[in-house]
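One structure is given below, encoded as structure tokens.
The values are calculated or read from the model by the stated rules, or taken from the named source; none is laboratory data. Bear in mind that the values here come from a model prediction, so they are computed numbers and not experimental data. Reconstructed Cβ throughout: ideal geometry from the backbone, glycine too, with neighbour counts over all protein chains shown.
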Amino acid sequence: MSLSVEQFKKDYKKSFETMFVNSYDEGSVDQQFHALGNLVRTYIADEWRNARQHYIDKKVKQVYYFSMEFLPGRQLKSNLYNMGILDTAKEGLEELGLDFKTIAESEVDPGLGNGGLGRLASCFMDSMASLGIPGHGSGIRYRYGLFQQKFIDGYQVELPDNWLRNGNVWEVRNSNDAVIVRIGGNVWMRPDGTGGLEPVYENTKNILAVPYDIPSIGYNNVSINTLRLWSAELPPEEEDKYFSIEEAEKIKEITEVLYPDDSNYEGRLLRLKQEYFLVSAGVQSILRHYKKYNLPRKNIPDKIAIHINDTHPALVIPELMRILLDEEKLSWDKAWEITKKTCSYTNHTLLREAMETWPVDMVKELLPRMYQIIEEINRRHIEKKTPLYGRRLTNSTSIIQNGQIHMAHLSIIGSHSINGVAQLHSNLLKDEVLADFAEMYPYKFNNKTNGITQRRWLHLANPELTELITDNIGPEWKTNPAELKVLKGYEKSDEVLERLAEVKLHNKQRLAAYIQEHTGLKVDPTALFDVQIKRLHAYKRQHLQALHILDRYLQIKENPEIDMQPRVFIFGAKAAPSYLYAKQIIKVINAIGEVVNNDPDVGDKIKVVFFENYGVSLAEKIIPAADISEQISLAGKEASGTGNMKLMLNGALTMATLDGANVEIRDYVGEENMFLFGLTTEEVYEYYRNGTYSSREIYESNPRLKRALDALVDGTIPNIEEEGRVLFDSLIQYNDEYFVLKDFDSFIEAQKRADELYRDKKAWSQKSLINIASSGPFSADYTIQRYADEIWKAQPQGELTENRVHSFDEPI
Ligand code: 26V
């Protein structure tokens, strides 16, 4: 939008004064933030309404992205930026004597997700709006987000995340669109008088699902989509039925808190309630909206695409069937055809323990009608497939096995597409984990490599680098990310390389100041910043990095005069509260930090910083300052990774195994511009097959590694008697599930190459430049374009995107 600074100032004052009945210069920072957020809302109100109306008028196909998690990050800056008025607002506020930075940082960061899966959903929201694709999010408005992490004595402690304390300026409560979700009770079928059957529900619990709508504003266009988050409430007409407060509390409990585990599936009743609550509210609301199109029901798949983000919302499939059968009175075959054509599913994990299954008894009791429908889907699957594929394949693909409902099986059978999130991951799904399904439904399997929004992760997080790029190659890359490759032409320009090094140094200085302010630790901004930021999990191998640090420390102790490239090891990671081993790794790393940070022999050679409460906002500060990006999971375990893409985009060099999207990063950037090490997926699978791995043998034959491992248990690092021992035993006694010992030598060797390269400032900057220049293909805009073309068949809305400067050519 076009807006003068003068007009903005006038509008801001008015917004503040009507909201707080006070002069604009007398408010708190929080009030300033709310006045500004409110103003943004009024600015976009018409466009938001227009976009919604446009979709209805033109009867366009709309995408609904169902996800139990969204991690949008702070939205003020990103909204202003996408609207094209960020600089105007900054200038206006400054002229009013207000500090934009302070205001922006006062915004809470909604932690409605665990990690990669939730952040991906939010990057996708940004890309859908920016491409003008009618695509909405459907999620849960958790009263409490992911816990706030603190360290006490080096141990993780979890505190509740009361993110709604001061309200949420971006949301609109749409009570008009509330729907009822029924759980529990009994259901039986009776003749409906027209020759069919209808379900009769008895003693159900009725829950009011109230949507809170948040705008998702496109970049440089007038396309505004909706993130609809559902909240559970007591239905007003039933208030007197729930005579006890506990009953009422039980209802609200459904949307009370996000489950903080992202790897270990646990069949908790409340989680199942959450999943059905999201699904039922979302599907009802979509079909209600569809009625506005006045089209026959058979056209649903032409106008609606429902995407299932991992299996968590897989009940979409039986819920859509329920409505089509019970309420719309369609035949099974017609309903099934519509459901399959409407739904698509993304798998996000290769870990067996993260695959969702629900006990039959639990589903029967909580969701009796869902169970009947799932059972019938399963029965028909077996009936139809047995003659075609035989018993073995039919059994292994069936939805109900040994009293458990396999949600991935339901998702594949009930949708027309299943994709993985990086090429390697998609191949492993097809060839290993879900091979039986791939044999039955080869046409359903496809890959959609993840992507990230460069707007948040570069334009906004790293304005200096953004300026450098634009100064040299012009602004075209901002709307056409493949254009970033033009930067490669500057590989030999001393001027550009020096400026790039300077920008990195500035970002590191800012991060160093932040570290000092928040941890009291002083770090040298000219040291190499080595960054590992992601959830804490054994397969991600933060403990491999811990052993690396110990190895360096022991070298220094042996020879305090040693010439060693100074490094700052930076970690950010939350462990699931119930994941004891992950918490023990946190304690061990903190304990190592305590020793090395305070040992005068070490000085600046090693510093260890473990940030508390890692999340989107911290990532925005750390990523622009990274020299090395640690992507060191055991090959074959990380589905994709997206932090790897963000760090590369900001000029970090990747230290990586050939896992997830690292493989594609290698393909684009070239292996000479990163540090590869470790076992390949094939080698890992080979070990699984022949069972010959012996970590003890490695321990006993590798004195350098032995020394680092022994330091966990010999008192070198105090205060980890228990944690050090657990870690040690897991790696030696219990044969090192994630092959940490096997990869240690090649990791250390790759780190040495990094040190050597870092000494040659120019060579490092060259590689950094090539990394930035090669990261265009990882724009989520491309990923979304592929989802839209190949899975959803959804069209960008030209009328809403005419401001756009460029079309999105595919990267080569
Ligand atoms: C799993 C579970 C398991 C049951 C309990 C609750 C719960 C909650 C979340 C999850 C999600 C696990 C899957 C996940 O986050 N995968 C990550 O997805 C990223 C985006 O595709 C990808 O980059 C990461 O490699 C992958 O680990």
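Here are the numbers for this structure:
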item	result
Hits in the stretch 138-152 (condition: more than 15 Å from the ligand (Cβ to nearest atom) and touching a helix residue (DSSP H, G or I) at 6+ places or on another chain (Cβ under 8 Å))	138, 141, 143, 151
Which numbered condition residue 355 misses (of (1) surrounded by fewer than 21 Cβ atoms within 10 Å (Cβ to Cβ); (2) within 16 Å of the ligand (Cβ to nearest atom); (3) at pLDDT 95 or above)	(3)
Test result for residue 644, free of Cβ contacts under 8 Å to residues at least 24 places away in the same chain, touching a helix residue (DSSP H, G or I) at 6+ places or on another chain (Cβ under 8 Å) and either small (Gly, Ala, Ser) or closer than 25 Å to residue 501 by Cα (or both)	yes
Criterion: modelled with pLDDT of 95 or more and within 16 Å of the ligand (Cβ to nearest atom) - qualifying residue of 348, 416, 381	348
Subset of the stretch 384-430 (residues that are of a type in the set (Gly, Ala, Ser), under 14 Å from residue 374 (Cα atoms) and in contact with a Lys or Arg (Cβ under 7 Å, 6 or more places away or on another chain))	414, 415
Count of the stretch 356-386 residues which are in a helix (DSSP H, G or I) and within 22 Å of residue 439 (Cβ to Cβ)	10
Looking only at the stretch 176-196, and only at residues there that are exposed (fewer than 14 other Cβ atoms within 10 Å of the Cβ) and in contact with a strand residue (DSSP E or B) (Cβ under 6 Å, 6 or more places away or on another chain), the one that is nearest to residue 237 (Cα to Cα)	186
Only one of 427, 450 that is part of a loop (DSSP other than H, G, I, E, B), within 16 Å of the ligand (Cβ to nearest atom) and out of contact with any strand residue (DSSP E or B) (no Cβ under 6 Å at 6 or more places or on another chain)	450
Some residue of the stretch 94-117 being in contact with a Ser or Thr (Cβ under 7 Å, 6 or more places away or on another chain) and within 16 Å of the ligand (Cβ to nearest atom)	yes
Matching residues in the stretch 141-178 - criterion: being in contact with a Phe, Trp or Tyr (Cβ under 6 Å, 6 or more places away or on another chain), assigned to a strand (DSSP E or B) and within 23 Å of residue 277 (Cβ to Cβ)	173
Among the residues listed as 747, 728, the single one being in a helix (DSSP H, G or I), at pLDDT 95 or above and crowded, with 22+ Cβ neighbours inside 10 Å	747
Residue in the stretch 706-720 that is over 24 Å from residue 154 (Cβ atoms) and either in a helix (DSSP H, G or I) or without any contact (Cβ under 8 Å) to a residue 24 or more places away in the chain (or both) present	yes
Residue in the stretch 252-274 that is nearest to residue 361 (Cα to Cα), counting only those that are of a type in the set (A, V, I, L, M) and either within 20 Å of the chain's Cα centre (by Cα) or within 13 Å of the ligand (Cβ to nearest atom) (or both)	272
Residue list for the stretch 41-76, restricted to those being surrounded by fewer than 22 Cβ atoms within 10 Å (Cβ to Cβ) and more than 27 Å from residue 292 (Cβ to Cβ)	74, 76
Enumeration of residues in the stretch 278-330 that are without any contact (Cβ under 8 Å) to a residue 12 or more places away in the chain and of a type in the set (Asp, Glu)	327
The lone exception for residue 312 - which of (1) in contact with an Asp or Glu (Cβ under 6 Å, 6 or more places away or on another chain); (2) in a helix (DSSP H, G or I); (3) of a type outside the set (Ser, Thr, Tyr) it fails	(2)
Criterion (part of a helix (DSSP H, G or I) and surrounded by fewer than 21 Cβ atoms within 10 Å (Cβ to Cβ)) met by exactly one of 252, 329, 241	252
Enumeration of residues in the stretch 753-793 that are part of a loop (DSSP other than H, G, I, E, B) and assigned by TED's automatic domain parsing to the domain that holds residue 628	760
Qualifying residue in the stretch 704-712 (condition: exposed (fewer than 12 other Cβ atoms within 10 Å of the Cβ) and either touching a helix residue (DSSP H, G or I) at 6+ places or on another chain (Cβ under 7 Å) or farther than 18 Å from residue 551 by Cα (or both))	no
Residue match in the stretch 231-251 (condition: closer than 30 Å to residue 800 by Cβ, out of contact with any Gly (no Cβ under 7 Å at 6 or more places or on another chain) and in contact (Cβ under 8 Å) with a residue 12 or more places away in the chain)	yes
Test set (1) part of a helix (DSSP H, G or I); (2) surrounded by fewer than 22 Cβ atoms within 10 Å (Cβ to Cβ); (3) not β-branched (Val, Ile, Thr) - residue 118 fails condition number	(2)
Counted residues, the stretch 255-268 - those being closer than 18 Å to residue 406 by Cβ and either in a helix (DSSP H, G or I) or of a type in the set (Phe, Trp, Tyr) (or both)	1
Number of positions in the stretch 565-582 that are exposed (fewer than 15 other Cβ atoms within 10 Å of the Cβ) and in a loop (DSSP other than H, G, I, E, B)	1
